[in-house]
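Take a look at the structure below.
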Amino acid sequence: MDYVLQCSTTLIPIEVKAGSSGSLKSLHQFVADRELNSAVRFDINAPIVQRVEVQTLLTGGASVPVKYTLHNLPLYFSDFVFFCLSTSAHATYDTFQIYQRLFSSLLKFISN
C-alpha cells in the first residue's frame with residue numbers, strides 16, 4: 001500500500017501500480033487490520049470496480065478472509081482524488097462517492 005487519505009473519519013487506502021498488474025498483499029492486510037470496506041488502486045488499466053475476496057495475514061500473523069470493494073482507476077485520475085476531497089473537506093465520503101465525483105469532475109473538466 002502506498003498512501004492513506006483521511007477525509008473526516010474515513011480512511012482511504014491507495015495502491016499505485018506502474019503496470020497493469022501486481023500484488024496487493026499490503027493493501028489486503030491494511031484493509032483487514034482496519035476492517036475497511038473499500039480501497040483504491042491506480043494503474044494503467046481502464047476504470048473498474050471489483051469485489052475482492054482473499055485470505056490475508058493480519059499484523060499478528062493470523063490468516064483471515066478479507067472482503068472489500070476495490071476501485072481501480074487510471075493513473076491520470078490521481079490528481080482528481082485530491083480535488084474531489086478538497087472541494088468538500090468537511091464531508092464524509094466513502095470510496096464509491098469519491099469514485100463518482102472523480103468521473104463528474106473529469107466530465108466537467110473535459111467540457112470546459
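Taking the condition part of a loop (DSSP other than H, G, I, E, B) and modelled with pLDDT of 70 or more, does T69 pass? So that I can check it myself, show each step before the final result.
Working: part of a loop (DSSP other than H, G, I, E, B): no; modelled with pLDDT of 70 or more: yes.
Spelling it out, it is not the case that T69 is part of a loop (DSSP other than H, G, I, E, B) and modelled with pLDDT of 70 or more.
Let's see how each residue does on (1) modelled with pLDDT of 85 or more; (2) of a type outside the set (V, I, T); (3) more than 13 Å from the chain's Cα centre (by Cα):
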| residue | (1), (2), (3) |
| --- | --- |
| R34 | yes, yes, yes |
| L57 | yes, yes, yes |
| V81 | no, no, no |
| F96 | no, yes, no |
| Q100 | no, yes, no |
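The values are calculated or read from the model by the stated rules, or taken from the named source; none is laboratory data. Just so you know, these numbers come straight off a predicted model, no measurement behind them.
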